[in-house]
Amino acid sequence: MTRFFQALAAVFAGVAFAATAPAQAPASATQPVPAQQQPQQPQAQPILRIQVEGNQRVEADTILSYLLVRPGELPDPRLINLSIQTLYGTNLFSDVRIAIDGTLMVVFVQENPIINRVILEGNRAVGDERITDEIELQPRAIFTRSRVQSDVQRILQVYRQSGRFAAQVTPQIVELPQNRVDLVFEISEGPVTGVRRIAFIGNESYADRRLRGEIVTTEARWWRFFSSNDNYDPDRIEFDREQLRTFYNDRGFADFRTTSVVAELTPDQQAFYVTFNIDEGERYDFGEIEIETGISDLNIEFLEAAVPTQSGDLYVGSLIEESVDTLTFAAGAAGYAFVDINPQVRVNRETQTVDITYVINESPRVYLERIDIVGNTRTLDRVIRRELDIVEGDAFNQALLDVSRARVGRLGFFEDVTVEPFQGSAPDRARVQVAVVEQPTGELAFGAGFSSTDAFLVDFSISERNLRGRGQFLRLRVSASSRRQQIDIRFTEPRFLDRNLAAGFDLFQVRSDFSREASFETESTGFSLRAGFPLTRAVQAGISYTLRNDEVRTFGGVSSSIERAQGSRVTSLMGYSLSWNRVDDPREPSNGFRVSFNQDFAGIGGDVRYVRSELQGGIYRSVFRNDIVLSLTGETGYLFSWGGDTARINDRFFRGGNSFRGFETAGIGPRVVQRREPDEDGDAFISRDALGGNFYAISALELAFPLGLPEQYGIRGSLFTEVGTLGLLPSEDQLDDDGTENAVFTVDDLSPRASAGLSVFWDSPFGPVRFDFAHAFVKEDYDRARFFRFSTRTGF
């Protein structure tokens, strides 16, 4: 065996020697060759023709346009190489080759296939639409493997944002005829990776629990099945860092910073532990607040008093931006449209103060050169322009621009309204563009609902809020329930005779059944004319005239006070109204107040004579947070007859139900009762027909708040208490107590009533739903109380 390895080593040594030993050149190879005897190198010939091969969809001329070599030119290897790179850069080809054959240059291409379909398989937690919105490859797009890999990463990012870090995506290609492919993404979603614990290191001023309430990411809990904020999302973590910075900056910590955020995967790879490492720094106050400007029209002392940042106050970072907005608004109101305000912030760590100098750069006073309205494909220009508080030639005023934008938005014709100033033809000229996005203003609605008062309700209406683009309103409505049937037509012209005067008319017929409350029913048929106009920006006035025929039908066995109203009478009614509205949102106010007064005079013709007056008001304030609103509302009314007439039961006030929670409809006030032996609850009366009253007063204190559920569910609650009274029955309708055991008589004492409870409001997919839970803790024995009440309706 040893001799065998020695012999093998000798063989390899010989081979190595042969490979490294220089070969002996022939003697002739060492002799120089005369120059005239050296072989001639062939000279390059110019390209006379370029031929394209392999293309199927892409035209040959298109391919030739990318080449840097042209017929008649000599072939340049550098330009040929750049031509190949250019063709590859189009992403149209998977292979490109160029060959030279004498005077012929052949360009051979192999085209990338076209995507026929993009198919997603295995995605159950994430919908197709969300994924297809993120990826680039779509049907009829060019297929390249690099773009497929990019889309794989995009799909994985979508799943990471959903908390699924174990997701896997495998692309598959199904080849089809005519150089087409189906692209299939096979997705394995994996489990949701939640956040098991959120901790903070370095927080000395605020506890972990408080800081967890300021960030969006939440710890996973079993009851948070409606929320996805407990899934780990790196992008959300970055947003949380900004939220913490804002939280601390608004509480005096000007040097706050988040040094790092560590996310550790649990051993079972089912959740993350997230730790925020923070440095709070010291708490600062505002130091010197100065304003520098060369604009003489701006009063420096007034501006220093107007800005929210004041010397000596606790440092609040967000107030700096608010101060810039305040100064921009003040400069715009003075006619300087394009001022540049630069806040210079100086942090004094020795005194723990922050000095701020607001530098307002000079600019000329600006006048409006032109107002352009764009985007109104249906609404007439004049409908928009009449809502603007500015016209061409006016001095620029940012305050009036903001008011104009709000007024155009309140029309309800547009999905979005923006009012932006632009530089005009000169430094002192501005052009304003009012851009609107139209939205549907016609509505065909069919609704159904149920309530504890009206039972089933059916409602049909067809309306147009912007008739023929002129801003006119027209509606036909038909509704029916177990207790009320109504049909009406309403038309409103918001700018009657091109003046700031809204005018319109109503045609109506209403049938109401009050058999459960007062043993009568009514049918009213008539029309009304109305007009409204502003007295100031916040004060509105209106006048109206109504002519209607009221027919009252009573049931057998009713008291004489109700039977007296039976029959048909004509009511001719002239009225006016005044309203003062300073709330921030007319539908859901959170700050401000509103007051309204209306009075109707019946007796200008017709068969009845009375004066009805009503006053309503409300004060609204947000407390603790913007979505927690405390309100105090109240209303009162008084009716008196004149000319020897007595108001009938259908003209009086009835309260209860929605107008006084804790009681049934018409559950309080004057009533016909019958004496009986006291029952186990001490009630000595049998409550019979309600008679209404000529006077009422009701006040409510309410605290509205979110219930902690996600905002998209539209569920809110409120705690309330209501106090009120109703009475003053005409003497003609009163029945005296004869003192007998089963005497029937009327009661009317204006005694106070009070209730308290909880209301829950839900903007459900089927329509708004309201639940009232109220206890009437102050009431009379003959009142009709109700603890629970709900109502809902839906449209389809």
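Rounded to the nearest 10 degrees, the inclination of helix 145-161 to the longest alpha-carbon principal axis of the chain is 40 degrees. The relative contact order of the range 552-594 comes to 25 percent, based on Cα pairs under 8 Å that sit 6 or more residues apart. Binning the alpha carbon pair distances of the range 562-630 at 5 angstrom intervals from zero yields the distribution 4, 14, 16, 13, 11, 10, 9, 8, 8, 5, 2, 0, expressed in whole percent.
Across the alpha-carbon set of the range 303-447, the Rg to Rh ratio works out to 1.12, Rh being the Kirkwood radius. For the range 485-524, the relative contact order is 35 percent, taking Cα pairs closer than 8 Å that sit 6 or more residues apart in sequence and dividing their mean separation by the residue count. Each 5 Å bin from zero holds the following percent of Cα-Cα pairs in the range 517-597: 3, 12, 15, 12, 11, 11, 12, 11, 8, 4, 1. Between 0 and 90 degrees, the angle of helix 2-20 with respect to the longest Cα principal axis of the chain falls at about 90 degrees.
Rg of the Cα atoms in the chain, relative to 2.2 N^0.38 Å, amounts to 1.49.
D394 sits with roughly 60 Å² accessible to a 1.4 Å probe, with DNA, RNA and ligands left out of the calculation. For the range 269-344, the convex hull spanned by the alpha carbon atoms encloses 155 Å³ per residue. Orientation-averaged projection of the range 137-255 equals 10.7 nm² [convex hull of Cα atoms, one quarter of hull surface area]. Think of the range 200-348 as a dipole: +1 on every Lys or Arg Cβ, -1 on every Asp or Glu Cβ, centred on the Cα centre; then among T217, I320, G294, T217 lies furthest on the positive end. The equivalent ellipsoid of the range 619-664 has semi-axes of 36, 14, 5 Å, largest first, where each one is the square root of 5 times an eigenvalue of the Cα gyration tensor. Computed with a 1.4 Å probe on the full set of protein chains, the accessible area for Y638 sits at about 100 Å². If you bin all the Cα-Cα distances of the range 541-672 at 5 Å, starting from zero, the percentages per bin are 2, 9, 13, 16, 16, 16, 11, 7, 6, 3, 1, 0. The mean of 1/r over all distinct Cα pairs in the range 591-731, once inverted, gives the Kirkwood hydrodynamic radius of 18.0 Å.
Size check on the range 202-335: the Cα extents along the three principal axes, sorted descending, read 69, 31, 22 Å. Straightening the chain between M574 and E304 buys 91.9 nm, computed as 0.36 nm per residue apart minus the Cα-Cα spacing. For the chain, the relative contact order comes to 5 percent (Cα pairs under 8 Å, sequence separation of at least 6). Relative to the longest principal axis of the Cα atoms of the chain, helix 77-89 runs at roughly 30 degrees.
Look at the dipole of the range 602-690 built from charges on Cβ: of F663, F640, V673, the Cα furthest out on the positive end belongs to F640.
For the set F601, F491, F653, the ranking by accessible area, highest first and with no ligand, DNA or RNA atoms included, is F601, F491, F653 under a 1.4 Å probe.
The values are calculated or read from the model by the stated rules, or taken from the named source; none is laboratory data. Small disclaimer: the values here were computed from a predicted structure and weren't measured. We place every Cβ from the backbone using ideal geometry, glycine too, and count neighbours over all the protein chains shown. These accessible areas exclude ligands, DNA and RNA; they are computed on the full protein's heavy atoms, side chains included. Shrake-Rupley method; radii C 1.70, N 1.55, O 1.52, S 1.80 Å.
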